[in-house]
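The values are calculated or read from the model by the stated rules, or taken from the named source; none is laboratory data. None of the values given here were measured: they were computed from a predicted structure. Reconstructed Cβ throughout: ideal geometry from the backbone, glycine too, with neighbour counts over all protein chains shown.
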Amino acid sequence: MTHIERRAARVLLVDADDRVLLLHGSDPARPGHFWWFTPGGGLDAGETPAEGAARELFEETGLRVDPAALGSPVHDEVTSFSYDGRDYRQTQEFFLHRVQSWEVDTAGFDADERATITEHRWWTLASLAATDERIFPVDLVPLLTPLVVR
């Protein structure tokens with residue numbers, strides 16, 4: 001099986017109530033296959049991970065952040081997945097960014113995002129730990145716990 005190699009950057013967007021923002025999406029090749037995920041996506045040519053994370057955050061939530069304000073990544077991983085009939089192997093870095101609050105604006109969605117992202121929700125660690133829905137990254141609760149519990 002041939003995988004498409006891809007680099008990505010994602011943002012753990014956390015509000016003053018220690019809730020993390022997740023988007024709910026689907027795979028056009030697999031109707032009924034839904035999951036929750038952090039804002040972010042593939043890097044454009046020449047982009048640093050922080051630049052890509054900031055760009056994706058703006059496109060998917062309307063929140064404009066200076067890439068330098070994201071600091072250093074708090075987590076990295078390699079994941080394999082299928083999307084729209086193609087197999088990917090994605091190396092991705094996660095940045096933590098805190099906001100007091102934020103009203104998500106999806107006006108920056110591209111056509112694919114408009115067709116596949118159905119909603120967004122702010123999740124508490126307790127609600128993430130209790131859900132049986134698909135959440136990515138799969139280790140989100142242990143990843144977030146030391147970052148948000150003060």
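Taking region 93-104 as the search range and keeping residues that are more than 15 Å from the chain's Cα centre (by Cα) and either surrounded by 12 or more Cβ atoms within 10 Å (Cβ to Cβ) or small (Gly, Ala, Ser) (or both), which one is nearest to Thr61 (Cα to Cα)?
Looking at the filtered set, the residue picked out is Trp102.
Can you name the condition, by its number, that Gln100 falls short on among (1) part of a strand (DSSP E or B); (2) of a type in the set (S, T, N, Q); (3) farther than 16 Å from Leu22 by Cβ?
Result: Gln100 fails condition (1) only.
Which one is nearest to the chain's Cα centre (by Cα) among residues in region 73-92 that are in a strand (DSSP E or B) and under 17 Å from Thr48 (Cβ atoms)?
In this case the residue turns out to be Gln92.
Which residues, counting only those in region 1-27, are exposed (fewer than 13 other Cβ atoms within 10 Å of the Cβ) and either closer than 20 Å to Ala107 by Cβ or not hydrophobic (A, V, I, L, M, F, W, C) (or both)?
Result: Thr2, Glu5, Asp17.
Against the condition closer than 18 Å to Trp122 by Cβ and either touching a residue at least 24 places away in the same chain (Cβ under 8 Å) or in contact with a His (Cβ under 6 Å, 6 or more places away or on another chain) (or both), how does Leu57 come out, does it pass?
For Leu57, the condition - closer than 18 Å to Trp122 by Cβ and either touching a residue at least 24 places away in the same chain (Cβ under 8 Å) or in contact with a His (Cβ under 6 Å, 6 or more places away or on another chain) (or both) - is met.
Could you look through region 117-150, keep only residues that are aliphatic (A, V, I, L, M) and within 19 Å of His33 (Cβ to Cβ), and pick out the one that is surrounded by the fewest Cβ atoms within 10 Å (Cβ to Cβ)?
Result: Val138.
Go through (1) surrounded by 15 or more Cβ atoms within 10 Å (Cβ to Cβ); (2) farther than 17 Å from Val20 by Cα one by one and return the number of the condition Gly85 breaks.
So the condition that Gly85 fails would be (1).
Of everything in region 22-46, what is more than 14 Å from Ser82 (Cβ to Cβ) and in contact with a helix residue (DSSP H, G or I) (Cβ under 7 Å, 6 or more places away or on another chain)? Give them in sequence order.
Those that are more than 14 Å from Ser82 (Cβ to Cβ) and in contact with a helix residue (DSSP H, G or I) (Cβ under 7 Å, 6 or more places away or on another chain): Leu23, Pro39, Gly40, Gly41, Leu43, Asp44.
With the condition kept exactly as written, say whether any residue in region 57-70 is over 16 Å from the mean Cα position of the chain (by Cα), surrounded by fewer than 18 Cβ atoms within 10 Å (Cβ to Cβ), in a loop (DSSP other than H, G, I, E, B) and at pLDDT 95 or above.
Yes - at least one qualifying residue is present in region 57-70.
For region 75-102, name all the residues that are within 12 Å of Leu13 (Cα to Cα) and not small (Gly, Ala, Ser).
Across region 75-102, the qualifying residues are Phe94, Phe95, Leu96, His97, Arg98, Val99, Gln100, Trp102.
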